[in-house]
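The values are calculated or read from the model by the stated rules, or taken from the named source; none is laboratory data. Predicted model only: the values in this text are computed from it and were never measured. Glycine also receives a Cβ, built like all others from the backbone with ideal geometry; neighbour counts cover every protein chain displayed. Just the protein is used for accessible areas: all its heavy atoms, side chains included, with ligands, DNA and RNA removed. Shrake-Rupley method; radii C 1.70, N 1.55, O 1.52, S 1.80 Å.
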Amino acid sequence: MSLLLPHLIIHLLLLTMVTGEILRPRFYSETCPEAESIVRNEMKKAMIREARSVASVMRLQFHDCFVNGCDGSVLLDDTPNMLGEKLSLSNINSLRSFEVVDDIKEALEKACPSTVSCADIVIMASRDAVALTGGPDWEVKLGRKDSLTASQKDSDDIMPSPRANATFLIDLFERFDLSVRDMVALSGSHSIGKDRCFSIMFRLYNQSGSGKPDPALEPVYRKKLNQLCPLGGDENVTGDLDATPRVFDNQYFKDLVSGRGFLNSDQTLYTSRETRGYVKRFSEDQGEFFRAFEEGMVKLGDLQSGRPGEVRLNCRVVNRMHNDVLLGDS
């Protein structure tokens with residue numbers, strides 16, 4: 001924790017002391033009036049092809065915005081002179097569905113060339129992932145520029161691991177001006193999607209170095225996870241993050257109350273005194289969870305670094321005219 005703190009302070013200064021783009025709803029109403037409907041239509045297509053993909057796209061907002069603000073840097077491929085964020089400890093073999101963003105970008109470029117940023121695509125697509133799976137639908141603020149670079153080290157220094165506990169998560173979120181309520185609500189993003197056995201092997205067989213399973217795991221659920229993720233088995237096998245992985249609802253919080261949280265960083269929200277009240281409240285009142293989630297996502301989307309940016313023509317690479325800038329950043 002002490003090693004992480006200096007890096008967090010540096011990133012906070014970048015995110016709060018430098019003025020970023022002025023974000024507002026309906027930013028593209030004149031320059032690309034169909035932008036939001038195009039994004040939603042492409043997300044519908046992606047969900048038909050693979051239901052899990054929309055949850056994967058939603059995760060991109062979290063992994064993008066926490067690292068130097070919401071600037072689309074998480075989408076950039078590595079270059080000979082830049083190690084990007086895709087291979088960071090929290091992203092490697094974990095983040096996926098980049099091709100969905102590529103499809104959305106291609107559709108937008110056909111309709112409105114050089115207009116809609118990749119960073120804004122992530123924000124719109126994340127909102128649509130929630131709305132299309134039964135969750136709330138809200139108005140997003142747009143107008144972001146895309147980063148000219150990315151940093152694996154920055155991602156490593158910031159993003160939490162599945163082993164994180166509630167105290168660590170509270171501290172991390174509060175440093176980005178996100179409250180405990182925001183953090184618990186945003187953890188509800190795990191209402192949809194799956195994660196790998198890799199993320200829970202320690203919980204099943206060696207919690208806190210004890211050589212035993214996490215005592216917070218409900219016994220029947222633990223046996224189910226033991227069968228899914230046997231010791232020495234394929235750790236890339238995936239399990240549902242809650243009992244209704246294709247529906248955005250408050251089942252995630254009901255599962256935590258029952259001791260059936262998939263990730264340690266999930267279950268700790270109920271075992272921790274500081275966060276248990278919010279978990280219970282959201283488990284009992286889906287409407288309150290939805291309202292808190294909307295508010296948290298908007299606040300998360302407001303994070304900006306103020307660094308120079310552009311509207312990238314391809315979400316995975318910096319525009320050719322800026323190659324000299326990118327190379328100089330290595």
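With contacts taken as Cα pairs under 8 Å and at least 6 residues apart, the chain reaches a relative contact order of 27 percent. In this view, the solvent-accessible surface of residue 247, computed with a 1.4 Å probe and all protein chains in place, comes to about 70 Å². Anisotropy class assigned to the stretch 203-261 is oblate, per the alpha carbon gyration tensor with a/c at or over the 1.5 cut-off and a/b no larger than b/c.
Sorted by average packing, counted as other Cβ atoms within 10 angstrom per residue and highest first, what order do 205-212, 165-172, 87-94 take?
On the way: 205-212: 12.1, 165-172: 18.2, 87-94: 16.0.
With the highest mean Cβ count within 10 Å placed first, the list reads 165-172, 87-94, 205-212.
Cut-off 10 angstrom, C-alpha nodes, Gaussian network model of the chain. Which of 227, 251, 152 fluctuates the most? Highest fluctuation among the options: 227. Judged by the ratio a/c of the largest to the smallest principal axis of the C-alpha gyration tensor, the stretch 183-330 counts as oblate, that ratio being 1.5 or greater while a/b is no larger than b/c.
For the chain, modelled as a Gaussian network with Cα springs under 10 Å, which listed residue fluctuates most, 22, 123, 200? Sorting by GNM fluctuation, first place goes to 22.
The long axis of helix 98-111 is offset from the longest Cα principal axis of the chain by roughly 30 degrees. Helix 286-301 axis versus longest C-alpha principal axis of the chain: approximately 40°, rounded to the nearest ten. Between helix 35-49 and the chain there is an angle of about 40 degrees, using the helix long axis and the longest principal axis of the Cα atoms. When +1 charges are put on Lys and Arg Cβ atoms and -1 charges on Asp and Glu Cβ atoms, the dipole computed for the chain relative to its Cα centre reaches about 860 debye.
Protein heavy-atom surface of the stretch 171-330, 1.4 angstrom probe: 48% of the accessible area is carbon and sulfur, with nucleic acids and ligands not counted.
Residue 92: net charge of surrounding residues, Cβ under 12 Å, Lys/Arg +1, Asp/Glu -1, itself excluded?
Values: positive: 86, 96, 196; negative: 78, 85, 156.
Neighbour charge sum, excluding residue 92 itself: 0.
Give the shape of the stretch 59-136 as rounded, prolate or oblate, defined through the alpha-carbon gyration tensor: a ≥ b ≥ c are the square roots of its eigenvalues, a/c under 1.5 means rounded, and otherwise the shape is prolate if a/b is larger than b/c and oblate if not. Oblate is the answer for the stretch 59-136, as a/c is 1.5 or above yet b/c matches or exceeds a/b. Taking the chain as a Gaussian network of alpha-carbon nodes connected by springs under 10 Å, the highest mean-square fluctuation of the residues 240, 266, 182 belongs to 240.
Surface analysis of the stretch 110-260 yields an accessible area of 40 Å² per residue, using protein heavy atoms and a 1.4 Å probe. Exposure check, 1.4 Å probe, all protein chains in place: residue 28 carries approximately 10 Å² of accessible surface.
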